[in-house]
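See below for the structure under consideration.
The values are calculated or read from the model by the stated rules, or taken from the named source; none is laboratory data. All of these numbers come straight from a predicted model, not from anything done at the bench. Counting neighbours? That spans all protein chains shown, and the Cβs are built from the backbone with ideal geometry, glycine included. For accessibility, only protein heavy atoms count, side chains too; no ligands or nucleic acids. Shrake-Rupley method; radii C 1.70, N 1.55, O 1.52, S 1.80 Å.
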Amino acid sequence: MRTTSKVACALVAGALFVSGCGGGDSGSAEDQAAIEEVVTLINRANADSDGAAYCDLLQPSTFFDTFTSKAKCARETNQILEQAGSQPELEVESITVDGDTAKVTFTGRSGEAPFVKEDERWYLALGQGSPEPAETGQGGGDNG
């Protein structure tokens, strides 16, 4: 498979915000506000089907491991956003911060979205977890 498959997986995970589990604390108020701002920008990029804006929100340190250029990211992300169709706006339910990583859960969504702090800014972590659609009618597991 080509890199596009990995890209699709990573972006769909970001666009649909479902992946593994995690723990930690709620983090500082500054971290919370910065992560919520990233979510706001993701909502805007999703609503506008703006792949370039979405790519700007992805983890910089691993960006070029997945994409060869910002233009390629924007082009592939636009295709994925188009295929995903209209997405409901994400609403933050909780944020758990563990140093320079965070997991965000969203109201009405299953799983958590991974975020990472690099150069004092928060980004959507790239290439972590596998997307799984939320199952209607199934309860979540006990995570103590």
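Selection over the range 58-76 of residues that are in contact with a strand residue (DSSP E or B) (Cβ under 7 Å, 6 or more places away or on another chain) and either buried (at least 20 other Cβ atoms within 10 Å of the Cβ) or small (G, A, S) (or both) gives a count of 3.
When you check A10 against the structure, is it closer than 19 Å to E118 by Cα and modelled with pLDDT under 95, yes or no? Show your work before the answer.
Working: closer than 19 Å to E118 by Cα: yes; modelled with pLDDT under 95: yes.
Yes: the conditions hold for A10.
Evaluated against (1) surrounded by fewer than 19 Cβ atoms within 10 Å (Cβ to Cβ); (2) closer than 25 Å to E82 by Cβ; (3) at pLDDT 90 or above, E36 falls short on exactly one condition, (2). Within the range 81-99, the set of residues being under 15 Å from the mean Cα position of the chain (by Cα), open to solvent by less than 90 Å² (accessible area, probe 1.4 Å) and not β-branched (V, I, T) comprises L81, A84, Q87, P88, L90, S94. When the residues of the range 39-57 are filtered to those that are farther than 15 Å from E120 by Cα and aliphatic (A, V, I, L, M), which remaining residue is surrounded by the fewest Cβ atoms within 10 Å (Cβ to Cβ)? My answer is A47.
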